[in-house]
Amino acid sequence: MSIDLARETALKVLYDINEKGAYTNISVNKYLSGTQLRDVDRNFITELVYGTVRWKLTIDWIIRQFSNIKLEKLSPWILNIMRLGVYQLLFTDKVPQSAACNESVKLSKKYGHSASSGFVNAVLRNIARNRDKIKYPERAENTVKYFSIKYSHPEWMIQEWIKLFGEEFTESLLQKNNETPLLTVRANTLKTTREELSVILREAGLEVDKGRYAQEALVIRNPASITRIEAFQKGYFQVQDESSMLVGNILDPKPGELVIDVCSAPGGKATHIAQLMKNSGTVIARDVHPHKIKLIDDAAKRLSISCIKTEVFDATKLDERYIMKADRVLVDAPCTGLGIIRRKPDIKWERHETDSAEITKLQRTILDISSEYVKPGGVLVYSTCTIMPEENQDIVYDFINRKKDFELQDITGLLPSGLSKKDSSNGFIQLYPNIDEVDGFFIARIVRRRKSDGK
């Protein structure tokens, strides 16, 4: 009995995620690195894992309707095998029903006991035969429950979003969160141009389009093993979403300046800042974890950037050496990450409605301390990858109200021509995946008044 290696690998990744608390992207990379798998198998593993994690709540709802054993009583291996099977049966049109069922049975024989394979076979084939009879909540009776099961999001999250954005916007956001985002890369203009990189990537067999907003951005539609191609190894580009690139544009650093990136890892924004500075000046890139500092160092080396100085440092602690010394400071703050669910679907299951209080306290502390480094006339940019006002606008307005020598600055002129936001004149923008087709990001530009301003 030969077991399909791709499905078995996906099962092992899911076990790590659901039973050991591993992050999806890290676990996938761990199992794919150093293997000789074909690109088609790598893509299949990635789709199986991300798809099953993305639709986990809905999948479990379906399994409960057809299983005579409670999910809590099932072996974790068998439950994850069934989740994989249901994903293949109902959420992709690439896999024949027979293959989804048969390969799940093979896995259950290896990872379960003698009765497991019969149970898995019966449940999956029953689901396949009765897919049109699966029962879902009625929207008219309970909109939150209906959205939760239909779009596989926790109810507390949906309640919050309906309260903030209304039902129509929330449904649009839920739909977008379940789509697989396109991969965007940033051309390293220290080595090449976007146009030159586009030609290089096409010659490597990739489908490439210009990004929506950022001048350095390219969208890749078939990004198989993107980090293994020669252009990546030579440092011609960095993987980075456009919303993240806009952070660097709004910071608008100049050659020769001193910039401090207080929460820098894995280094996408720091390397972009260095690129915008034409590798002239100093970018101090910090993180509290040494292993994350290595990610920044590796990226800078690959991109041939020499102006980045990495430091292990806790952003909640004040470094008196740099008080009022920095031309620009970036606070890409820890957050709930609710703007990047489509890219990291496990965020839906990791977050809880009680997280906000602790996170906002941390954000406020980091912003207060980091502001001390900004010289008069200098710039402080606060950004997050979430869409929650209490982590974004509320934090910034609270800061401005308490710190009288700082003020928000109109960023309209720093935005690309294709991006128009009503709040840009107030000094910030909020991006949404369902509206702007990029990761959900908040970016605010704050300046420290000069004493000569007379305020």
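A few comments on the model shown:
- Among residues of the range 326-376, those that are more than 23 Å from residue 28 (Cα to Cα) and in a helix (DSSP H, G or I), counted: 17
- Answer from 51, 21 - the residue that is in contact (Cβ under 8 Å) with a residue 24 or more places away in the chain and small (Gly, Ala, Ser): 51
- Of all residues assigned to the range 106-116, at least one qualifies as being in contact (Cβ under 8 Å) with a residue 24 or more places away in the chain, over 17 Å from residue 6 (Cβ atoms) and not in a helix (DSSP H, G or I).
Results for (1) closer than 20 Å to residue 251 by Cβ; (2) crowded, with 19+ Cβ neighbours inside 10 Å, shown as yes or no for each residue.
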{"site": "285", "(1), (2)": "yes, yes"}
{"site": "288", "(1), (2)": "no, no"}
{"site": "324", "(1), (2)": "yes, no"}
{"site": "341", "(1), (2)": "no, yes"}
{"site": "350", "(1), (2)": "no, no"}
{"site": "364", "(1), (2)": "no, no"}
{"site": "376", "(1), (2)": "yes, no"}
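- Residue 59, sole failed condition from (1) closer than 18 Å to residue 23 by Cα; (2) crowded, with 17+ Cβ neighbours inside 10 Å: (1)
- If the condition is being polar (S, T, N, Q) and buried (at least 24 other Cβ atoms within 10 Å of the Cβ), then the range 245-258 contributes no residue at all.
- Scan of the range 425-455 for residues that are among the polar types (S, T, N, Q), at pLDDT 95 or above and over 21 Å from residue 331 (Cα atoms), ordered by number: 434
The rows are residues; the columns are (1) in contact (Cβ under 8 Å) with a residue 12 or more places away in the chain; (2) in contact with a Ser or Thr (Cβ under 8 Å, 6 or more places away or on another chain).
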| residue | (1), (2) |
| --- | --- |
| 203 | no, no |
| 206 | yes, no |
| 219 | yes, yes |
| 227 | yes, no |
| 277 | yes, no |
| 288 | yes, no |
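- Qualifying residue in the range 75-91 (condition: in contact (Cβ under 8 Å) with a residue 60 or more places away in the chain, in contact with a Lys or Arg (Cβ under 7 Å, 6 or more places away or on another chain) and aliphatic (A, V, I, L, M)): yes
- Entry remark, the range 132-169: residues being assigned to a helix (DSSP H, G or I), basic (Lys, Arg) and surrounded by fewer than 16 Cβ atoms within 10 Å (Cβ to Cβ) number 3 in total.
- Residues within the range 177-201 that are in a loop (DSSP other than H, G, I, E, B), touching a residue at least 12 places away in the same chain (Cβ under 8 Å) and in contact with a strand residue (DSSP E or B) (Cβ under 7 Å, 6 or more places away or on another chain), tallied: 2
- Any hit, the range 256-272, residues being over 18 Å from the mean Cα position of the chain (by Cα), within 30 Å of residue 378 (Cβ to Cβ) and basic (Lys, Arg): no
- Selection from the range 345-390 of residues that are closer than 18 Å to residue 158 by Cβ and either touching a residue at least 40 places away in the same chain (Cβ under 8 Å) or not assigned by TED's automatic domain parsing to the domain that holds residue 257 (or both): 345, 346, 348, 349, 351, 352, 353, 386, 387, 388, 389
- Qualifying residues in the range 177-229 (those that are exposed (fewer than 15 other Cβ atoms within 10 Å of the Cβ) and of a type in the set (Gly, Ala, Ser)) - the one nearest to residue 40 (Cα to Cα): 225
- As for the range 14-35, it holds no residue that is surrounded by 14 or more Cβ atoms within 10 Å (Cβ to Cβ) and farther than 25 Å from residue 350 by Cβ.
The values are calculated or read from the model by the stated rules, or taken from the named source; none is laboratory data. Predicted model, so just to flag it, every value in this text is computed and none were measured. Here Cβ is always computed from backbone atoms with ideal geometry, including for glycine, and neighbour counts include all displayed protein chains.
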